[in-house]
Amino acid sequence: NAGVMQNPRHLVRRRGQEARLRCSPMKGHSHVYWYRQLPEEGLKFMVYLQKENIIDESGMPKERFSAEFPKEGPSILRIQQVVRGDSAAYFCASSPPSSYREQFFGPGTRLTVL
Amino acid sequence: QQQVKQSPQSLIVQKGGISIINCAYENTAFDYFPWYQQFPGKGPALLIAIRPDVSEKKEGRFTISFNKSAKQFSLHIMDSQPGDSATYFCAASTGGGNKLTFGTGTQLKVEL
């Protein structure tokens, strides 16, 4: 059973460009979470999604950030008009419906904004 | 407001020794407390988790101790090995939501 997959693993963008981060949850997992990790800091919750629904977006910045988890395909975290402060590691996690408290993390996407 | 405080920030232990990492929380609604291990360049991996209805949980060399009245929990790594050198995060979540609130992490180094 493959783990949580994220791509790209590394992403470089210039200020003002858009960043799209993709996450494929583990097979059978229907809950997806996005977290951000700034250098030398812990992970901060951003958003929790189920298929076609945003359940909790209390950690998402009000502007430029959006997330989706369509019926088909991976979950997408989209950052518009990136700024240097967006440089961080973005982790996706998934959990199964039978044990939704256990979150399994992907390898992360490291975003660098030049 | 930081809701989970983790200490120490870094820890050096000799091979074979016991590594102890502590966390304290404020939100009494937290009812699930996992620990994650993260190696450089990797995602966090779930190590062990506990719920407040038990005071201790052991899995192999890893033990969580939980003190509900003090709102504290700790990770003990017995017989620490160089391969345990990593960053460890405690976390907590409530029954009403799934989001994890993480501590700031402890960098553990196990020396030969």
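The values are calculated or read from the model by the stated rules, or taken from the named source; none is laboratory data. Because the structure is a prediction, the values reported are computed rather than measured. Cβ atoms come from the backbone with ideal geometry, glycine included; neighbour counts cover every protein chain shown. With ligands, DNA and RNA removed, areas are computed over all heavy atoms of the protein, side chains included. Shrake-Rupley method; radii C 1.70, N 1.55, O 1.52, S 1.80 Å.
Can you find a residue in the stretch A:24-39 that is more than 19 Å from B:Lys99 (Cα to Cα) and open to solvent by less than 80 Å² (accessible area, probe 1.4 Å)? Walk me through it before giving the result.
Keep residues of the stretch A:24-39 that are more than 19 Å from B:Lys99 (Cα to Cα), which gives A:27-28, A:39.
Checking which are open to solvent by less than 80 Å² (accessible area, probe 1.4 Å) leaves us with A:28.
Checked against the condition, which is being more than 19 Å from B:Lys99 (Cα to Cα) and open to solvent by less than 80 Å² (accessible area, probe 1.4 Å), the stretch A:24-39 yields at least one hit.
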Among the residues of the stretch B:1-35, write down those that are part of a strand (DSSP E or B), of a type in the set (A, V, I, L, M, F, W, C), open to solvent by 40 Å² or more (accessible area, probe 1.4 Å) and farther than 18 Å from B:Thr63 by Cβ.
B:Ile12
Does any residue of the stretch A:72-85 turn out to be touching a helix residue (DSSP H, G or I) at 6+ places or on another chain (Cβ under 7 Å), more than 14 Å from chain B (Cβ to nearest Cβ), open to solvent by less than 60 Å² (accessible area, probe 1.4 Å) and not polar (S, T, N, Q)?
yes
Return yes or no: is A:Gln103 within 14 Å of chain B (Cβ to nearest Cβ), in contact (Cβ under 8 Å) with a residue 60 or more places away in the chain and either more than 10 Å from the chain's Cα centre (by Cα) or open to solvent by less than 30 Å² (accessible area, probe 1.4 Å) (or both)?
yes
I'd like to verify a number: residues in the stretch A:86-98 that are assigned to a helix (DSSP H, G or I) and open to solvent by less than 40 Å² (accessible area, probe 1.4 Å), how many?
1
Does B:Leu47 fit the bill of being crowded, with 18+ Cβ neighbours inside 10 Å, closer than 17 Å to A:Gly42 by Cα and touching an Asp or Glu at 6+ places or on another chain (Cβ under 7 Å)?
no
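Can you name every residue in the stretch B:91-112 that is assigned to a strand (DSSP E or B), within 17 Å of A:Phe104 (Cβ to Cβ) and open to solvent by less than 10 Å² (accessible area, probe 1.4 Å)?
Here is the first cut: in the stretch B:91-112, the residues assigned to a strand (DSSP E or B) are B:91-94, B:101-102, B:106-111.
Filter once more, so that each one left must be within 17 Å of A:Phe104 (Cβ to Cβ): B:91, B:93, B:102.
Selection gives B:Ala91, B:Ser93.
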